[in-house]
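Undergrad: The structure that follows is given in the form of structure tokens.
The values are calculated or read from the model by the stated rules, or taken from the named source; none is laboratory data. Small disclaimer: the values here were computed from a predicted structure and weren't measured. Backbone-built Cβ (ideal geometry, glycine too); neighbour counts: all protein chains shown.
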Amino acid sequence: MPVEIILPKFGFTLETAEIVKWLKQDGDGVRAGDPVCEVTTDKVNMEVEAPEDGTVFGLLYPEGATVPVTEVIAYLLRPGEERPAMLPAAKAAALAATTAPVAAESAPVVAARDVAASPVAQRVAVSAHVDLSGVQGTGPNQRIMRRDVEAAMSAPAGVAGKVRATPAARHLAEQNNFDLATVAGSGPHGRVQATDVQAALAKPAPLPAAPQPTVVGADTPQIVKLEGMRRTIATRLQKSFQTAPHIFFDAQIDMTGIERLRQTLKARNEKLSVTAIVIKACALTLLRHPWLNATLDGDDIALWPSANIGMAVALDAGLIVPVIHHADALRLNEIQRQVDALAGRARNNTLQVNDMVDGTFTVSNLGMFGVDRFTAIINPPQVAILAVSRTMQQFVPDENGQPVLRSLMTITLSADHRVVDGALAANFLQDLRVILEEPALLAW
């Protein structure tokens, strides 16, 4: 019996994913673990792998289709297994609908203006007045297929489909009316990454040769659609703030001991960031306060046995939260390595599924931006998030009332009052302060 290839559920809240590219076609042999297709969610691209050895057949969705998670997207014949005479009715109908255009394009190649293109592609190009000489084919031997013509028709000026680029890079380019052809890609085979576009956009624009006259309407604002990652963030955080009754708690932490530890390590050419320290401290504290190391799904509260700490990373396109799993069991240097690696992959748009799922608590650090104090919105389905501000030198009275200079940092806990009461949150912050103000406890 054929094996179903299912679109996995990549995390708590994901409901759909878009098929970006089929990496295997009908009749291709695969080994268990081979990537079958590339899909994209609201924030990250990933690959769906073959569950067993076999031969792929029955691709049920075309590239670009949005598919609900846990749906069957293709089938796999085990070695020696014969292709069935028919698929289940519903799946067969989907297969017929999605493969009919492909079958139509499998006709012999016909040259048009010395350009190799399928008959269907030629007819579409003629009716839409598309010059095939400006279209790059993605078919066998770079033959132009109907999808290539349609991509050229739908692409905005300067953002043509003939440039190899990730979906995130294309989306960012479209939002900023940026020509992908003007930037060199740093990805495999010169593929343009989102970071390439971000770097190009960050460069100052060249000055015009001469002052341009003021044009009526020149002060009209640029309109950017709320879509993609930005729309996902807006929808989730709006729902979180509207449905979860947030309560907020501030605490001031004496970071003098932590700063001394960091300076000692710096002298040894070893890096230890405040983010890594706070993640470790939170992980240890959460083990004593399981009601904050929790997720809420409907009426079910899941109290997690280990601390999976999400780390908010700011990108130009929005906010993304990779997760450090089992942070309570990791040493500080191991957490630091993961912090650096996850932040790098987030900015390079190379995060994988496992980097994003099963977070139980989130830390958002804006201290490096000079923020004195802020509150953060809970990242659902979690029930708490910690906002970390900058460390400042301040004079405070000692036990004798004399002014002493200390390194102080403000942290703000946001908690879901449906799960976390005020006393629980206060006790959590009290224990967290003890660990942060006595660095030796971080090694416990």
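Undergrad: Residues in the stretch 377-391: is at least one among the hydroxyl-bearing types (Ser, Thr, Tyr) and touching a helix residue (DSSP H, G or I) at 6+ places or on another chain (Cβ under 7 Å)?
TA: So far as the stretch 377-391 goes, yes, one or more of its residues are among the hydroxyl-bearing types (Ser, Thr, Tyr) and touching a helix residue (DSSP H, G or I) at 6+ places or on another chain (Cβ under 7 Å).
Undergrad: For the stretch 368-391, which residues satisfy the criterion of being crowded, with 21+ Cβ neighbours inside 10 Å and of a type outside the set (A, V, I, L, M)?
TA: ASN379, PRO381, GLN382, SER389
Undergrad: Going through PRO380, PRO403 one at a time, which residue ends up being under 19 Å from the mean Cα position of the chain (by Cα) and either farther than 30 Å from GLU49 by Cβ or not acidic (Asp, Glu) (or both)?
TA: Matching residue, one of PRO380, PRO403: PRO380.
Undergrad: Identify the single condition in (1) assigned to a strand (DSSP E or B); (2) at pLDDT 90 or above; (3) surrounded by fewer than 16 Cβ atoms within 10 Å (Cβ to Cβ) that LYS21 does not satisfy, given that it satisfies every other one.
TA: (2)
Undergrad: Further question on the same structure: Within the stretch 392-416, take every residue that is within 21 Å of ASN308 (Cα to Cα) and not hydrophobic (A, V, I, L, M, F, W, C) and give me the one that is surrounded by the fewest Cβ atoms within 10 Å (Cβ to Cβ). Even if it seems obvious, please write down each step before you answer.
TA: Filtering the stretch 392-416 for residues within 21 Å of ASN308 (Cα to Cα) gives 411-416.
Applying the additional criterion that residues be not hydrophobic (A, V, I, L, M, F, W, C) yields 412, 414, 416.
Working: THR412: 19, SER414: 25, ASP416: 23.
Only one residue fits best here, namely THR412.
Undergrad: Still on this model: So which of HIS289, HIS246 is out of contact with any Ser or Thr (no Cβ under 9 Å at 6 or more places or on another chain) and under 20 Å from ASP416 (Cα atoms)? I'd like the intermediate steps shown before the answer.
TA: Numbers: HIS246 fails: out of contact with any Ser or Thr (no Cβ under 9 Å at 6 or more places or on another chain).
Going through HIS289, HIS246 in turn, just one is out of contact with any Ser or Thr (no Cβ under 9 Å at 6 or more places or on another chain) and under 20 Å from ASP416 (Cα atoms): HIS289.
Undergrad: Taking the stretch 27-62 only, how many residues are part of a loop (DSSP other than H, G, I, E, B) and under 28 Å from the mean Cα position of the chain (by Cα)?
TA: Residues flagged as part of a loop (DSSP other than H, G, I, E, B) and under 28 Å from the mean Cα position of the chain (by Cα) within the stretch 27-62 amount to 15.
Residue by residue, here is whether (1) part of a loop (DSSP other than H, G, I, E, B); (2) modelled with pLDDT of 95 or more holds:
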position: ARG260; (1), (2): no, no
position: THR264; (1), (2): no, no
position: ASN269; (1), (2): yes, no
position: ALA281; (1), (2): no, yes
position: LEU284; (1), (2): no, yes
position: PRO305; (1), (2): yes, no
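Undergrad: Output the residue which, of all residues in the stretch 175-189 that are crowded, with 18+ Cβ neighbours inside 10 Å and either outside any loop (DSSP other than H, G, I, E, B) or of a type in the set (S, T, N, Q) (or both), is modelled with the lowest pLDDT.
TA: It comes out as GLN175.
Undergrad: It is to be established whether one or more residues within the stretch 311-326 are buried (at least 24 other Cβ atoms within 10 Å of the Cβ), in the same structural domain as THR375 (by TED's automatic domain parsing) and touching a residue at least 60 places away in the same chain (Cβ under 8 Å).
TA: yes
Undergrad: Hey, among the residues in the stretch 331-346 that are under 11 Å from ALA276 (Cα atoms) and hydrophobic (A, V, I, L, M, F, W, C), which one's surrounded by the fewest Cβ atoms within 10 Å (Cβ to Cβ)?
TA: Taking the candidates together, the pick is LEU332.
Undergrad: Something else: Regarding VAL72, is this residue touching a Lys or Arg at 6+ places or on another chain (Cβ under 9 Å), surrounded by fewer than 22 Cβ atoms within 10 Å (Cβ to Cβ) and touching a residue at least 60 places away in the same chain (Cβ under 8 Å)?
TA: Criteria met by VAL72.
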